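Read through the structure below, which is laid out as structure tokens, and then see the notes.
Coordinate-derived values only; no laboratory data. Since the model is a prediction, treat every value here as computed from it, not as a measurement. Every residue, glycine among them, receives a Cβ derived from its backbone with ideal geometry; neighbour counts consider all protein chains shown.
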Amino acid sequence: MRANLGVPRPDQADYMLKAAASAAGRHYKRELLDLLEVEPGQVALDVGCGPGADLPLLAERVGEGGTVIGVDRDPAMLAEARRRTSGLPAVEVREGDVHALPLEPGTVDRAKIDRVLMHVTDPDAVLAGLHLVTRPGGRIALAEPDWDTLIVDAEDLDASRAFTRYTTSEAVRNATIGRTLARRAERAGFTVDAVTASTPVFLDLAEADRTLGLGRNTQLAIEDGHMDADRARRWFASLAEGPFYASFTLITVACSR
């Protein structure tokens, strides 16, 4: 019988909402929205809006005369986003694939993509579609991690490195997307205005396990043959034996059309 490591996989909507509400989440999201420079009366787009964590914040910034559009394809995410924004008349939640945005060309003033491109099939196609629907003079803001920078402190440094390699090579589809954002955005036709990086730090093992999937991904690395089972389990158990540290780099890019 399989001995699962760490906490079970959380409900995805609940996970995303808690991550957005964490100290690290609030910090980078505030920076992302500030770089976006949303103004009253504008049309703002949240590409891959998930459960709608950021839709109320965008609605505050566009005001009564503006419109916020959230796009996602997951029925559970759409339902939660609609529930959370049911009292906000400025917000529209639309079902759609981020590779084929359900908007007319040149109809968006501001748009954001937050930790979505690391999961998609074709990031360049998503950015090309975003360029199409953005008005000349519009702005977009992108935020994505670079999982090559994932650090988990442990006495067994090689096991920590093996875990990061597994995360980068197997667990995340586009694991190093963060470092490529500026290049990809320029290729899509945008002008890059600002690039920043932040480092979310985890000092609590339980929080890191929930957010980074330490135990779940260790178990998968064992099953896929990327980590020796006994060594991986010893490594994971050792994380609880002393002061804990983990971090990764999150890259934010602001662009104009």
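Across the options M77, L103, A125, the greatest Cα extent toward the positive end of the charge dipole of the range 62-156 (unit charges at beta carbon of Lys, Arg, Asp, Glu) belongs to L103. Comparing Y28, A208, V43 along the charge dipole axis of the chain, the residue lying farthest to the positive side is V43, per the Cβ-charge model.
With a 10 Å cut-off between alpha carbons and a GNM built on the chain, which of A100, A246, A221 moves the most? In this elastic network of the chain, the residue with the biggest mean-square fluctuation among A100, A246, A221 is A100.
Calculate, in nm to one decimal, what S256 and D224 gain on full extension: separation in residues at 0.36 nm each, minus their alpha carbon distance. Intermediate results must be reported in sequence, preceding the final value.
Numbers: separation 32, 0.36 × 32 = 11.52 nm, distance 4.23 nm.
Contour length minus the Cα-Cα distance gives 7.3 nm.
The range 202-223 and the range 33-95 have Cα centres spaced 30 Å apart.
Can you give the Rg/Rh ratio of the range 151-194, where Rg is from the C-alpha atoms and Rh is the Kirkwood radius?
The Rg/Rh ratio comes out at 1.21.
Between the DSSP loop rule and a limit of at most 16 other Cβ atoms within 10 Å, which trypsin sites (Lys or Arg not before Pro) in the range 137-183 are left? All intermediate terms of the calculation are to be shown ahead of the outcome.
Working: sites: R139, R161, R165, R173, R179, R183; in loops: R173.
Counting only loop positions with at most 16 other Cβ atoms within 10 Å, the trypsin sites (Lys or Arg not before Pro) in the range 137-183 are R173.
Using a simple spin-label model with pseudo-atoms 7 Å out from Cα toward Cβ, Y245 and T199 lie 0.9 nm apart.
Annotation for D124 and T107: the two label points, set 7 Å from Cα along the Cα-Cβ direction, are 2.8 nm apart. Note down the relative contact order for the chain as a percent, whole number, built from C-alpha pairs under 8 angstrom at least six residues apart. So the answer I get is 22 percent.
Give me log10 I(q)/I(0) at q = 0.10, 0.16, 0.17, 0.18 Å⁻¹ for the range 70-213, Debye formula, one equal scatterer per alpha-carbon, no solvent. Values, matching the q order: -0.44, -1.00, -1.09, -1.16.
The simple spin-label model puts a point 7 Å past each Cα toward its Cβ; for R183 and S169 those points are separated by 2.1 nm.
Summing Lys, Arg as +1 and Asp, Glu as -1, what charge do residues with Cβ under 9 Å from the Cβ of V71 carry, V71 excluded? Walk me through the numbers before you get to the answer.
Details: positive: R73, R94; negative: D46, D72, E95, D97.
With Lys, Arg at +1 and Asp, Glu at -1, the net is -2.
Note on the range 25-124: Rg/Rh from Cα positions, Kirkwood definition for Rh, rounded to two decimals, is 0.93.
Would you mind counting up the charge near A254? Only other residues with Cβ under 11 Å from its Cβ, with Lys and Arg at +1 and Asp and Glu at -1. That sum, taken over residues with Cβ under 11 Å, equals -1. Near the amide H of T67, within less than 5 Å, lie the amide hydrogens of Q42, V43, A44, all on another chain or at least 5 residues away, with H placed in the peptide plane. Using 13 Å as the cut-off for backbone N distance, which residues of the range 97-116 belong to the label zone defined by a point 7 Å from the Cα of E37 along Cα→Cβ? 110-111, by backbone N distance to the label point.
Amide H to amide H distances under 5 Å link C49 with V71, D72, where only residues 5 or more positions off or on other chains count and H is placed in the peptide plane.
Counted by Cβ distance under 12 Å from V201, the other residues give a net charge of -3, where Lys and Arg count +1 and Asp and Glu count -1. So I have (i) 58, 38, 29; (ii) 56, 41, 37; (iii) 54, 43, 33, and one of them is Cα extents along the principal axes in Å calculated from this model. Which one is it? Among (i) 58, 38, 29; (ii) 56, 41, 37; (iii) 54, 43, 33, the one derived from this structure is (i).
What share of Cα pairs, in percent, lie more than 22 angstrom apart in the range 171-257? Beyond 22 Å sits 46 percent of the P(r) for the range 171-257.
For V93, the residues whose modelled amide H falls within less than 5 Å of its own, excluding neighbours fewer than 5 places apart on the same chain, are G70. Could you compute the longest span of the chain free of GluC sites (Glu not before Pro) located in DSSP loops and having at most 14 other Cβ atoms within 10 Å, not counting the site residues? The segment 65-154 is the longest one with no such site.
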